[in-house]
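The structure appears below as structure tokens.
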Amino acid sequence: MSVSTPFYYYDLTLLENTLAAMQAAINNPNFKVHYAIKANAEDRILQTIKKQGLGADCVSGNEIKKALEIGFEPNDIVLAGIGKSDEELDLAISQGIHSINCESIEELEVINEIAAKHDAVANIAFRINPNVDAQTHHKITTGLNENKFGIPITELDAAVDEILTHKNLALKGIHFHIGSQILNLNPFANLCQQANHVIANLKARGIVLEHINVGGGLGINYTDPESQLVPNFVEYFRVFEKFLNLEDGQTVHFELGRSIVGQCGSLISKVLYVKKGVNSNFAILDAGMTDLMRPALYNAFHKIDNISKEGELEPYHVVGPICESSDTFGKTDLPKTSRGDYLKIRSAGAYGQVLSSNYNLRDRAAAVYSDEVSLEEYISNNERIEELEAV
Ligand code: LLP
């Protein structure tokens, strides 16, 4: 197999080590992680995650189909999303998935109708907007009143009144997700406090929940990935151990995405040109915002290594080939860089390949896996093929 640049390279050993570290950090048999498929939906990645016994967190009908195809049990699948279509709900109900996380009172009525058609009782969790500041980038903050997600806490009573009128719905849990790339753990402690209020309120109304889903959000180190290839899962789970007040038998569900797959993927790209500009030297890559959207969308910075060169560092503005000024990977120092060098854009395993597009009718970057070939070997094979093709 030959894939030319740009391509995603996945280190499956790092993924396995990350999963093992995550499982080892869980001290509580009632804690269960559902992997957020939206972060990376490649088959090989999903198979590796499934093997470790995680469940699947889906946000579309196609993600449910993908999870089932990979072998996740329906009872290990949850569905979230503020705009679920009737078809998606139909699929979720007919498959009998573990939980449909409902985000509005109006949605309850629709789910009830579809469940009635199947003569089924759908398992519901209320996704609640806890109005907790995740202290992260505003575009990936989801748990504030101004955000579109979840049922406002102030509407909780009305939502309970509503669900009790529907005989094809069973309220089994509550769900929260306050945002993503969260590195300061205090917001998670605040979330626990809000969850405790909700659990107590519902209990006062005679409702004892089976599960509390606290969403995902744990961040990773983008600036210096090498210093923390595996996120601090121990500290993360400890916050929930410490601050959540659980009833006997209640389980806590987590929906981690980025922290599981973020560091195992890199985007490998070749330098096409180095151009002297007025203010900076541009290193122009064959990868662009179509391959990795995060810098253009969130001003995110991914560490960039020139894996073809060593030596003294000089400043470069690393950009893609797309006709948009937002098509930039940012300014960074690299050894003297020239046409043909390979650059490794780090920490691209989460929200990298899944967010790619074919804007400008570009090809989509393919994936290469570490258990098939090492990166060095892959690159030298590629070079040889290109030389032969040039002859
Ligand atoms: N659960 C729900 C309901 C979510 O909406 C998300 C992510 C997750 C779980 C997983 O969160 P994680 O553990 O990965 O932080 N494209 C953005 C991130 C968007 C996150 C969307 N929701 C980025 O590249 O930073």
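The values are calculated or read from the model by the stated rules, or taken from the named source; none is laboratory data. A quick note: this is a predicted structure, and the numbers were derived from the prediction, not measured. All Cβ positions, even for glycine, are placed from backbone atoms using ideal geometry, and neighbour counts span all protein chains on display. What goes into the accessible areas is simple: the full protein's heavy atoms, side chains included, and nothing from ligands, DNA or RNA. Shrake-Rupley method; radii C 1.70, N 1.55, O 1.52, S 1.80 Å.
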For this session: State in Å² the accessible area per residue of the chain; use a 1.4 Å probe, count heavy atoms of protein chains only, and round to the nearest integer.
Result: 44 Å²
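Whenever you get a sec, compute what percent of the accessible area on the chain sits on carbon and sulfur atoms (1.4 Å probe). Before the final figure, lay out each step's value.
Values: 8220 of 17370 Å².
Roughly 47 percent of what the probe reaches on the chain is carbon or sulfur.
What order, most packed first, do the peptides 121-128, 218-225 have when packing is the mean number of other Cβ atoms within 10 Å of each residue?
Working: 121-128: 23.9, 218-225: 17.6.
Descending mean neighbour count gives 121-128, 218-225.
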For this session: Please give, to one decimal in nm, the separation of the simple spin-label points placed at ASN299 and ALA204, each 7 Å out from Cα toward the Cβ.
Result: 4.2 nm
Seminar exercise, completed: With R₀ set to 56 angstrom, the calculated FRET efficiency between the beta-carbons of GLN250 and GLU310, to the nearest 0.05, is 0.55
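Please work out how much length the chain gains when fully extended from ILE153 to SER4, using 0.36 nm per residue of separation minus the C-alpha to C-alpha distance, in nm with one decimal. Working shown, then result.
On the way: separation 149, 0.36 × 149 = 53.64 nm, distance 5.06 nm.
Going from the current span to full extension adds 48.6 nm.
Would you calculate, for the chain, the mean residue ellipticity at 222 nm contributed by helices, counting each DSSP H stretch of 4 or more residues as -39,500 (n - 2.57) and dividing by all residues, to the nearest 500? List each step's numbers first, then the result.
Numbers: 11 runs with 120 residues, N = 391.
So the helix-based figure for the chain works out to -9500 deg cm²/dmol.
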Exercise. Once the dipole of the chain is set up with Lys and Arg at +1 and Asp and Glu at -1 on Cβ about the Cα centre, which of ALA122, LEU229, ALA20 lies farthest towards its positive end?
Worked result: LEU229
Seminar exercise, completed: Pairs over 22 Å Cα to Cα, from LYS309/LYS331; LYS32/LYS66; LYS270/LYS309; LYS139/LYS270; LYS270/LYS303; LYS309/LYS344, come to LYS139/LYS270
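Would you mind working out the magnitude of the charge dipole of region 263-390 relative to its Cα centre, with +1 at each Lys and Arg C-beta and -1 at each Asp and Glu C-beta, to the nearest 20 Debye? Kindly include the intermediate steps, with their values, before the conclusion.
Details: 14 positive and 19 negative charges, 114 e Å.
Roughly 540 debye, rounded to the nearest 20.
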Seminar exercise, completed: For ALA122, the residues 5 or more places away or on another chain with a placed amide H closer than 5 Å to its own amide H are LEU169, ALA170
Seminar exercise, completed: Ordering 189-200, 154-165 by per-residue average of other C-beta atoms within 10 angstrom, highest first, gives 189-200, 154-165
Exercise. How compact and how long is the chain, expressed as Rg and Dmax of its alpha-carbon atoms in Å?
Worked result: 22.7, 78
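Only Lys, Arg, Asp and Glu count, each charged at its Cβ (+1, +1, -1, -1), so figure out the dipole size of the chain about its Cα centre, rounded to 20 debye.
Details: 33 positive and 52 negative charges, 126 e Å.
Approximately 600 debye in magnitude.
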